[in-house]
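Only one structure is covered here, and it is reproduced in the block below.
The values are calculated or read from the model by the stated rules, or taken from the named source; none is laboratory data. Bear in mind the structure is a predicted one, so any value in this text is a computation, not a measurement. Ideal geometry is used to build each Cβ from the backbone, glycine not excepted, and the neighbour counts take in all protein chains shown.
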Amino acid sequence: MKIGIEGQRLFRAKKHGMDFVALELIRNIQKLDKENEYFVFVKPDEDRCLESTDNVKIIELEGGLFPIWEQIALPKAVKSYGCDLIHCTSNTAPNFGSIPLILTLHDIFFLETFSLFTKSYSLYQRFGNTYRRFTVPPLIHKAKKVITVSESEKSRIVHFFKIDEKKVKVIYNGVSDKFHQPVSEEEKIRIKELYGLPERYIFHLGNTDPKKNTERVVEAYIRYFDMCEHKIPLVMADYPEIMVNLILTNHGRMDLKKYIYRLDYIVNNDLPAIYTMAEIFLYPSLRESFGIPLLEAMSCGTAVISSNVFAMPEVAEDAAYLIDPANPEDLAAAIQELIAHPELRQAYIEKGLIQSRKFSWQKMAMEYIEVYESIVNKST
């Protein structure tokens, strides 16, 4: 059986959630499936994070801008390599072609909110979401199977497209083993110096996507700061300094600027140390289809505050302190309670370590292999 896998963004330096899911899928397929033959189609870029093996060939495929690469270059390549199946890993796929398609649809947020003219999105996010908005609906009916990452998201997909729920399968994401490994003191010192981290801190991994709720995180931190005796700094990643300044200015609290440490993109291998050294990890998203950072922080032995909506309760269960993400006062109170009560924080740490062990990339890859084989067998 010859299986094609779309991995267009895998070689880019600054990877995000969907990229890491595809990367871990391929790495585990290389280890687990010696029977089938795989062709992974990647756009050339600077981070060559995958090498070909006997069972998995990495194909660097030129093709220009993403829509052209996906709609023209990818289907031609899949056909030329004689693939029996194509798996597109990141919400979109070619709209034409006769080769059976499996589509991983991580979420449908881009269909629920039209973002082309939403200023809070970057230009890249706006046009990316608009492309998905027009590409995905026909693919739902074309695909032999739609994979999503939580029961919460599956119910939204089935309801939105009014399709048979049997067409949509849930395969949970995992968490890398490196987040389960203890971080050495030498590594902690290196990371602290590299990123200029304070001795104690609260950590938030957000970005400019409105669903990450970063503005309310800053608002909650202002409230926490005013209600606590011992001030613990906030470390924020992947959020522009100009936007932090704007939030603080709007609240008349530029005096807090020295307590907020803003980091740019964090290399994935540096995250275990940053999670481990944090007092609390904040993940109060307005909308998530899964929430890999939840599991990463839990695996590192860090207490997590997250949201009580969408997939977060499904993934975290009772191992995270869940709050209303639309209410900064709730988040501020949760931060204060966990800081003031170390025994409560320790209880969440212990539950988080257990919960995070329920998810693995190996299990995810095995479930995908079963889907590949079932689809090809039905088609032959």
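Name the pairs: first residue in the range 1-22 and surrounded by fewer than 19 Cβ atoms within 10 Å (Cβ to Cβ), second residue acidic (Asp, Glu), Cβ to Cβ under 6 Å, at least 6 apart or on different chains?
Met1/Asp84; Lys2/Glu37; Lys2/Asp84; Arg12/Asp45; Ala13/Glu46; Ala13/Asp47
Check off (1) at pLDDT below 95; (2) not in a helix (DSSP H, G or I) for Met243 and give me the number that stays unchecked.
It is condition (2) that Met243 fails.
Looking only at the range 29-55, which residues are assigned to a loop (DSSP other than H, G, I, E, B) and touching a residue at least 60 places away in the same chain (Cβ under 8 Å)? Step through it out loud before you land on a result.
So the first thing to find is which residues in the range 29-55 are assigned to a loop (DSSP other than H, G, I, E, B), and the list is 33-36, 43-55.
Scanning the range 29-55 gives Asp33, Asn36.
Tally time: how many residues in the range 244-262 are at positive phi and crowded, with 18+ Cβ neighbours inside 10 Å?
Selection size over the range 244-262: 0.
Out of the range 185-207, which residues are surrounded by fewer than 16 Cβ atoms within 10 Å (Cβ to Cβ) and at pLDDT below 95?
Result: no residue meets the conditions.
Identify the residue in the range 32-46 that is under 24 Å from the mean Cα position of the chain (by Cα) and surrounded by fewer than 14 Cβ atoms within 10 Å (Cβ to Cβ) and, among all such residues, is farthest from Gly128 (Cα to Cα).
Checking each candidate, the answer is Glu46.
For the range 281-380, give me every one of the helices (runs of 4 or more DSSP H) that falls completely inside it and has 1 or more residues that are over 30 Å from Lys167 (Cα atoms). It would help to see each step written out before you state the result.
Numbers: elements: 292-299, 312-316, 328-340, 342-356, 361-379.
Ranges flagged: 292-299, 328-340, 342-356.
Considering each of Tyr265, Tyr261, Tyr275 in turn, give the residue that is more than 19 Å from the chain's Cα centre (by Cα), closer than 26 Å to Ala316 by Cβ and either assigned by TED's automatic domain parsing to the domain that holds Asn308 or basic (Lys, Arg) (or both).
Sole residue among the options that is more than 19 Å from the chain's Cα centre (by Cα), closer than 26 Å to Ala316 by Cβ and either assigned by TED's automatic domain parsing to the domain that holds Asn308 or basic (Lys, Arg) (or both): Tyr261.
Of everything in the range 342-357 that's in contact with a helix residue (DSSP H, G or I) (Cβ under 9 Å, 6 or more places away or on another chain) and either crowded, with 17+ Cβ neighbours inside 10 Å or not hydrophobic (A, V, I, L, M, F, W, C) (or both), which residue is farthest from Met18 (Cα to Cα)?
Quick first cut of the range 342-357, residues in contact with a helix residue (DSSP H, G or I) (Cβ under 9 Å, 6 or more places away or on another chain) only: 344-345, 348-349, 351-357.
Narrowing further to those that are either crowded, with 17+ Cβ neighbours inside 10 Å or not hydrophobic (A, V, I, L, M, F, W, C) (or both): 345, 348-349, 351-352, 355-357.
Values: Arg345: 30, Tyr348: 27, Ile349: 26, Lys351: 26, Gly352: 23, Gln355: 22, Ser356: 19, Arg357: 21 Å.
Going through the qualifying residues, I end up with Arg345.
Tell me which residues, restricted to the range 351-373, are closer than 18 Å to Ile29 by Cβ and without any contact (Cβ under 8 Å) to a residue 12 or more places away in the chain.
Applying the first criterion (closer than 18 Å to Ile29 by Cβ) to the range 351-373 yields 359-373.
Listed by number, the list holds a single entry, Glu370.
Would you check if Tyr265 is assigned to a strand (DSSP E or B) and surrounded by fewer than 19 Cβ atoms within 10 Å (Cβ to Cβ)? Steps first, answer last, please.
Values: assigned to a strand (DSSP E or B): no; surrounded by fewer than 19 Cβ atoms within 10 Å (Cβ to Cβ): yes.
No: the conditions fail for Tyr265.
Looking only at the range 337-351, decide whether some residue is under 30 Å from Glu112 (Cα atoms) and modelled with pLDDT of 95 or more. Talk me through it step by step, then tell me what you get.
Our first condition is that a residue be under 30 Å from Glu112 (Cα atoms); within the range 337-351, this holds for none.
Checking the range 337-351: not a single residue is under 30 Å from Glu112 (Cα atoms) and modelled with pLDDT of 95 or more.
Taking the condition out of contact with any strand residue (DSSP E or B) (no Cβ under 8 Å at 6 or more places or on another chain), modelled with pLDDT under 95 and within 21 Å of His341 (Cα to Cα), does Met277 pass? Give the derivation first.
On the way: out of contact with any strand residue (DSSP E or B) (no Cβ under 8 Å at 6 or more places or on another chain): yes; modelled with pLDDT under 95: no; within 21 Å of His341 (Cα to Cα): yes.
It is false that Met277 is out of contact with any strand residue (DSSP E or B) (no Cβ under 8 Å at 6 or more places or on another chain), modelled with pLDDT under 95 and within 21 Å of His341 (Cα to Cα).
Can you tell me which residues in the range 150-172 are in contact with a Lys or Arg (Cβ under 9 Å, 6 or more places away or on another chain), more than 13 Å from Glu314 (Cα to Cα) and of a type in the set (D, E, K, R)?
Glu165, Lys167, Lys169
Taking the residues in the range 207-223 that are polar (S, T, N, Q) and part of a loop (DSSP other than H, G, I, E, B) as candidates, determine which candidate is nearest to Glu329 (Cα to Cα). Walk me through how you get there before you give the answer.
Pass one, the range 207-223, residues polar (S, T, N, Q): 207-208, 213-214.
Next cut, part of a loop (DSSP other than H, G, I, E, B) only: 207-208, 213.
On the way: Asn207: 21, Thr208: 21, Asn213: 14 Å.
Across the range 207-223, the extreme among qualifying residues is Asn213.
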